[in-house]
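Data first, discussion second: the structure below is written as structure tokens.
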Amino acid sequence: MPHSPTQARRVLAGFAFASLGNGLTLPFLYVYMAQVQDLGSSTAGWMFAWMGVVGLAAAPGVGALLDRFGPRPVLLAALFVESASIGSLGFVDGTVPTMAVLAGVVVGASPLWPGTTTLLAGMVPAEDRERAYGFAFLGLNAGIGVGGLVSAFLIDVDRPETFQVLYLCDAVAYLVYAAVLAFLVRSPARPTEDDPDSATAGSWGEVLRDRRAVALVACGVLAVTFGYGQLEAGATAYAVDVAGVPATALGWAFAANAAVIVCGQVILLRLTSRWRRTTALACAVLTWSLAWSVLAVADLMPVAGAVAAVVIGLAVFGLGETLWAPIVTGLANTIAPDHLRGRYNASLGLTLTLGQILGPALAGSLIGSGHGHLWAFVVIGGTLTAGLVLTRLRFLLTAAQDRAPEAEASGEPVAERI
């Protein structure tokens, strides 16, 4: 990012390093719970739903804390909680202890994306924010991809200690990001007393009265339930339990997913820079529908073909991700007033947490009870529906907020809020 301040580049680098640690463990959380801890596929699916419930409970507090204290101190506290929790995960046994540790993991992780995007919003000019979010998402997936590739060579479901080492490495990676924030990054300037926004304490009530924010969250929940919400639980469960793909192949699949994002992020953002935001978001979700269609045929193929279908399916899913994350975050920050920016970014976290309640529960119920093919049909149809619904969001936005061509023709400022 040639025009980004040095502080923003340090944030992006620290966030990417934390993502590298996350990549060591992310593709194998389902496998660890279902096979190493021997909780079973159904219980493992409900564990993901439990994580969504905890995230839902934490999100309102995260948004309020970000607006009250600023993103940097909140991120520092969250990173220490996340490090302690994820480092403990490899050493717990049983359903209840695992639930307790996973709760800590979710509480620590909840502020990381909204906190980082809020921090970047105070460091980068408004016209460059979407690009900054694109680079943050690129760093996130580059770290996950490299981490997944490394862990694919290291894990062994018959040796729990291999998982313990990976969880400890993940914990250290979060501490590195904390060190970057503590010693190399300053908090962005707070609004001055003369700023009308600074005189307003702000509340979630203001967010709920904004029809655009509510509609964006509702559309996001629908998209995430059948998209992101299936990536860690549904897709991995289908690949391993239905298609019979070896667990180690999941590392290659997630690496392919991240490689597509890393290679295509900047290119696709440039190609779609003149698209309506709502059109780009709809295309992202429709791409996920195509990805699940490719994944669904894995059960009809021999092992080598099934592995290829899983890898290709997650790679196609990555194309949609390159559009979804930076554009939906850019839209949220376009409609957000400064004094509520933390809450608006946290509301995007609600789309993930609600999707993680509904998505994994759906996958666990269907795949765990032997209805893997029905799961594939449901998620393909669900993402198609979400793509169509997202196109209706444009009627709540100004032309500038949707980045429509008529806004450029009229000279309407992109950052205008209504």
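Based on alpha carbons, the Rg and Dmax found for the range 131-180 are 13.3, 43 Å. When the solvent-accessible area of the chain is split by element, carbon and sulfur atoms take up 68 percent of it, the probe being 1.4 Å. Here the alpha carbons of the range 243-399 define both size measures, Rg and Dmax, at 17.1, 55 Å. Working from the Cα coordinates of the range 127-268, the gyration tensor eigenvalues give, after taking √(5λ), semi-axes of 36, 22, 16 Å in decreasing order. Note on the range 1-144: percent of Cα-Cα distances in each 10 Å bin, starting at 0 and stopping at the bin with the largest distance, equals 11, 37, 33, 15, 4, 0. Once the 1.4 Å probe is applied to the protein heavy atoms, the chain comes out at 39 Å² accessible per residue.
Our coupling estimate for the range 101-115, obtained by passing each phi through the Karplus curve with A = 6.51, B = -1.76, C = 1.60 and θ = phi - 60°, is 5, 4, 4, x, 4, 5, 4, x, 7, 3, x, 5, 6, x, x Hz, Gly and Pro reported as x.
The accessible-area ordering, largest first, of the residues 127, 321 stands as 127, 321, per a 1.4 angstrom probe. Karplus-derived 3J(HN,Hα) values for the range 383-400, using 6.51 cos²θ - 1.76 cosθ + 1.60 with θ = phi - 60°, are 5, 4, 5, 4, x, 5, 5, 4, 5, 7, 5, 4, 6, 9, 10, 6, 4, 5 Hz; glycine and proline are entered as x.
Over all other residues within a Cβ to Cβ distance under 14 Å of residue 246, the charged ones net out to -3, with Lys and Arg as +1 and Asp and Glu as -1.
Rounded to the nearest 20 debye, the dipole magnitude of the range 74-163 is 180 debye, with +1 charges on Lys and Arg beta carbons, -1 on Asp and Glu beta carbons, and the Cα centre as origin.
All C-alpha to C-alpha distances of the range 207-299, sorted into 10 Å bins beginning at zero, yield P(r) values of 14, 37, 32, 15, 3 percent in whole numbers. Here the ratio of the Cα radius of gyration of the chain to 2.2 N^0.38 Å is 0.93. With Cα atoms defining each centre, the range 41-80 and the range 340-391 are spaced 18 Å apart in the structure. Solvent exposure of residue 293, expressed as accessible area, is near 50 Å², computed with a probe of 1.4 Å over the protein chains only. Starting from the Cα gyration tensor of the range 332-380, take the square roots of the eigenvalues, sort them a ≥ b ≥ c, and report rounded, prolate or oblate (rounded when a/c is under 1.5, otherwise prolate if a/b is larger than b/c, else oblate). Note, shape of the range 332-380 comes out prolate. Shown in residue order for the range 146-153 are the 3J(HN,Hα) couplings computed by the Karplus curve 6.51 cos²θ - 1.76 cosθ + 1.60 at θ = phi - 60°: 5, x, x, 5, 5, 5, 4, 7 Hz (x for Gly and Pro).
The values are calculated or read from the model by the stated rules, or taken from the named source; none is laboratory data. The structure presented is a predicted model; accordingly, all values stated were derived computationally and were not measured. Don't worry about glycine lacking a Cβ; one is built from the backbone with ideal geometry, like all the others, and counts go over all protein chains shown. With ligands, DNA and RNA removed, areas are computed over all heavy atoms of the protein, side chains included. Shrake-Rupley method; radii C 1.70, N 1.55, O 1.52, S 1.80 Å.
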